[in-house]
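Here's the structure, in structure tokens; my notes come after.
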């Protein structure tokens with residue numbers, strides 16, 4: 001008999017946790033859709049200019065419950081409309097990966113993983 005599984009966090013909760021801002025203006029650009037050691041996917045309400053560099057500010061929940069900020073420069077490699085009308089997905093390559101970024105990516109991938117976690121029936 002297969003064990004029931006559950007996700008660690010519901011997909012619809014991601015956008016409330018992982019906001020991405022313009023580093024200089026502080027204005028929100030979108031939400032983190034996924035992250036890797038050298039890139040990320042941004043979910044936004046507007047398409048992003050491809051081949052442009054962006055100064056981004058990521059905010060993530062810290063271990064102590066307070067928000068942590070990560071500043072990084074990233075280049076948009078592609079931008080396309082999502083299956084949800086009026087929503088766009090954009091892929092970025094992180095330029096000059098800042099110290100600690102890889103561990104942040106690893107921790108976020110683990111925390112927001114959709115790998116099944118065993119639960120009792």
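The values are calculated or read from the model by the stated rules, or taken from the named source; none is laboratory data. Predicted model, so just to flag it, every value in this text is computed and none were measured. Backbone-built Cβ (ideal geometry, glycine too); neighbour counts: all protein chains shown.
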Q: Quickly run through region 60-89 and pick out the residues that are over 16 Å from residue 47 (Cβ atoms) and out of contact with any strand residue (DSSP E or B) (no Cβ under 9 Å at 6 or more places or on another chain).
A: 63, 64, 65, 66
Q | Sole exception among (1) out of contact with any helix residue (DSSP H, G or I) (no Cβ under 6 Å at 6 or more places or on another chain); (2) surrounded by 13 or more Cβ atoms within 10 Å (Cβ to Cβ); (3) closer than 18 Å to residue 19 by Cα for residue 50, by number | A | (3)
Q | Residue check, residue 43 buried (at least 17 other Cβ atoms within 10 Å of the Cβ) and modelled with pLDDT under 95 | A | yes
